[in-house]
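Each remark here refers to the structure printed beneath this line.
The values are calculated or read from the model by the stated rules, or taken from the named source; none is laboratory data. Nothing here was measured: the structure is a model prediction, and the numbers come from that model. Here Cβ is always computed from backbone atoms with ideal geometry, including for glycine, and neighbour counts include all displayed protein chains.
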Amino acid sequence: MKDGRGMLSFMPRFRPQPVTLFVLLLLPLVFPGCSETQEPPEEIVRSIKTISVSRRPIGQLRRLFGVLSASDESELSFQVGGNVQSVAVDAGDRVRAGQLLASLDAQPYQLKLDSSIADLQAARARLQDTRKKVTSTRSLYNRQIASRQDFDSAQSAFDSAESSVRAAEAAVSLAQRDLDQTVLVAPIEGLIAERRLEPFQEISPGTAVLLIQS
């Protein structure tokens with residue numbers, strides 16, 4: 001090529017350098033995503049198991065025979081004997097604890113209680129008299145007016161009167177207990193399963209007259 005002075009000049013040719021070629025070769029490896037088109041993920045198809053619903057018999061019907069019994073049973077009885085005055089329940093009735101079920105004629109037991117109370121009052125009166133007697137006799141004995149035998153006799157009478165009072169008090173308690181037992185009450189809440197007594201029937205102590213089930 002000629003320049004303005006008529007002389008030939010040569011332009012240098014471009015020659016790729018080794019470093020440039022190495023970088024160009026590494027570009028596809030460093031940026032692989034830039035050269036390839038990403039495809040969307042493949043959709044997963046799940047399988048569904050189906051069953052057919054049909055009407056079938058549930059099971060075999062069985063008939064069983066047996067006897068049902070209550071969880072708790074109690075036979076009720078009077079602790080004293082006598083003539084049945086009233087019956088307040090019948091078989092099949094439901095009752096609550098403490099409810100009146102039946103009663104005996106209480107008059108004989110009331111008379112016995114009244115008599116025992118009278119005996120107790122008399123015994124206490126005798127005790128009071130003997131207490132005064134022993135006090136007086138002790139004073140006379142200390143002054144040597146009464147003999148030792150007189151004092152011992154007064155003391156013995158006082159001791160006997162004390163014993164009589166204690167016995168009379170026990171008799172009153174027993175008579176009161178017997179009177180209280182002329183009524184029969186339900187010990188628990190439950191059902192009257194059996195009735196074994198009727199009004200005006202004579203009942204012995206301890207005879208089962210009612211059966212109650214809880």
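Take SER164 and tell me if it is in the same structural domain as LYS132 (by TED's automatic domain parsing) and surrounded by 15 or more Cβ atoms within 10 Å (Cβ to Cβ). Spelling it out, SER164 is indeed in the same structural domain as LYS132 (by TED's automatic domain parsing) and surrounded by 15 or more Cβ atoms within 10 Å (Cβ to Cβ). Filtering region 118-161 to residues that are surrounded by fewer than 15 Cβ atoms within 10 Å (Cβ to Cβ), β-branched (Val, Ile, Thr) and part of a helix (DSSP H, G or I) leaves only THR135.
Let's see how each residue does on (1) closer than 24 Å to ASP105 by Cα; (2) of a type in the set (D, E, K, R):
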| site | (1), (2) |
| --- | --- |
| LYS132 | no, yes |
| GLN155 | no, no |
| LEU184 | yes, no |
| LEU211 | yes, no |
